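All of the numbers you see were taken from the coordinates with simple rules; none came from a lab. Treat the numbers as computed from the prediction; the structure is a model and nothing was measured. Don't worry about glycine lacking a Cβ; one is built from the backbone with ideal geometry, like all the others, and counts go over all protein chains shown.
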Amino acid sequence: MRRALRRSAGSLLVAGMLLLLFLMPAHVAGHAAPSIAEQVDRTTAEPGDVDPPPLDLAEAQRVLLTEQVYRAPGSIARFDEDRVLDRLDADTRILLAPFTGLDRQGGHYDEVRRPLSDWASDQGLRLVLVTGLDVRLMPNGGKAAATELDGLLLRYAHHDVTGPLLLSLRHLEDGTTESDDAEPVRVPADPAQVTEIVDTLRRGEVYHAPGVDAPIRPSEDWAAVVPDLTIRVAQLPASPAADGLPDLLPELAAVFPDDLVVVVHGRWLEAAGPEQQQIDSARFYTFGLWESGFAFWGAPMGALIDQFLLRLGELRVGEPFGRPQVEPILTRELWERIAPWVFSLTALAVGGGSLLWWARSVARRRNAEASALRLLRAQALAEITRLGARLVTVDVPASDADGTARRIADAAERHATARDLLEDTTSSDVVREVLAVAADGHGLLDAADRRRGSDRG
């Protein structure tokens with residue numbers, strides 16, 4: 001009984017869910033949120049920005065058979081050679097590769113990382129792979145990520161991966177996971193450069209310092225996502241860590257206190273303006289969400305600024321969880337069609353526990369009743385059997401002057417009635433009646449016995 005009820009309830013629930021899914025798929029299709037890569041506005045990139053030169057895997061393997069470090073064409077990573085090479089042992093190699101590019105980042109594992117891992121294992125070597133600014137250990141693919149902003153600044157503003165490389169090599173030696181990043185150094189801004197940048201920004205242009213190889217171009221979307229702020233952007237190339245980071249942002253923010261000032265050093269982004277807490281939050285959010293874009297596949301900085309401004313706009317209008325916007329899945333017409341089913345399934349889900357509890361209590365009660373009925377039937381059968389045994393052994397008198405023979409005949413009739421009732425019934429009430437009929441038969445025989453005893457006396 002319980003299994004049947006559970007199967008029935010489960011079947012109803014599954015059938016309802018299948019019907020709901022059948023009604024909805026046409027309205028759900030096409031509303032998936034775009035991937036991070038799909039959100040990049042590729043029109044902001046110069047030709048070649050998104051697709052750096054591919055890694056020549058065969059050439060890298062050939063060189064690394066005899067050399068400990070190989071820098072592939074297009075690689076931008078820098079490191080302190082004295083500190084890193086001092087840690088290298090004879091069985092460890094470092095490969096500095098270019099960014100994957102947007103079009104190749106999806107197949108990088110199958111086309112580069114796995115073949116390199118297999119090759120290193122076959123050669124009995126340990127390999128540290130630097131892809132753009134992303135540092136990983138081969139063959140297990142463990143990633144040496146920055147744990148603090150200082151480490152991120154060194155990597156993005158100076159393209160310096162000394163800390164991640166040292167961490168990887170130390171991990172190979174003793175399993176350590178503590179970062180070994182140096183402290184970044186900030187140096188005073190050059191007054192002449194500050195003046196040049198201010199003049200450019202006042203003209204409403206983006207400032208590009210000499211050496212910038214992928215200039216950021218202003219986008220019409222900037223004013224759309226942050227309409228209440230004037231956006232001023234200065235872009236400088238990555239500088240060696242030993243030269244320090246020119247501290248331009250405070251100087252420019254003092255000149256434009258009511259505007260949003262963005263300073264880009266290499267792949268490092270700083271910003272200042274009204275509601276600084278929101279600006280910092282949007283910047284950290286962009287660093288976290290777009291880590292692969294910054295470090296691995298080399299998204300153009302113009303696209304990353306777009307994402308920073310988009311997040312800042314969401315924070316300023318009070319919708320920090322509004323991206324990505326999606327079309328509503330349930331239209332009014334669809335809701336009107338499925339509402340009865342939704343309410344029915346909800347009622348079934350809410351009442352399912354009560355239904356199962358009720359079913360179990362009913363089953364327990366019926367089991368108890370069946371057990372009691374079996375006991376009553378056994379008692380009734382015993383009384384009928386005992387009555388039959390007495391009827392077989394009783395002496396029927398030749399005459400019925402005192403009514404003894406009549407009483408014995410009535411007792412026999414009670415025996416037959418009780419037996420017939422018991423054979424056909426499944427009711428406790430009828431079985432109790434059988435017991436009463438059998439007791440009446442015993443009473444008649446007892447009266448007959450007493451009558452014969454008084455006659456003999």
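The table below lists the values:
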{"item": "Length-normalised contact order for the range 79-141 - Cα pairs under 8 Å, 6+ apart - percent", "result": "39 percent"}
{"item": "Amide H within-cut-off set for Asp80, under 5 Å, with H built and near neighbours excluded", "result": "Thr162"}
{"item": "Exposure proxy order (Cβ contacts within 10 Å, fewest to most) of Thr286, Thr92", "result": "Thr92, Thr286"}
{"item": "Order of Asp243, Asp446, Asp134, Asp80 - criterion: other Cβ atoms within 10 Å of each residue's Cβ, fewest first", "result": "Asp243, Asp446, Asp80, Asp134"}
{"item": "Formal net charge of residues neighbouring Gly273 (Cβ-Cβ distance under 10 Å; K, R +1; D, E -1)", "result": "-2"}
{"item": "Under 5 Å, built H, 5+ apart or other chain: amide partners of Ile94", "result": "Val69, Tyr70, Val128"}
{"item": "Whole-angstrom gap from the range 130-195 to the range 107-128, using each part's C-alpha centre", "result": "22 Å"}
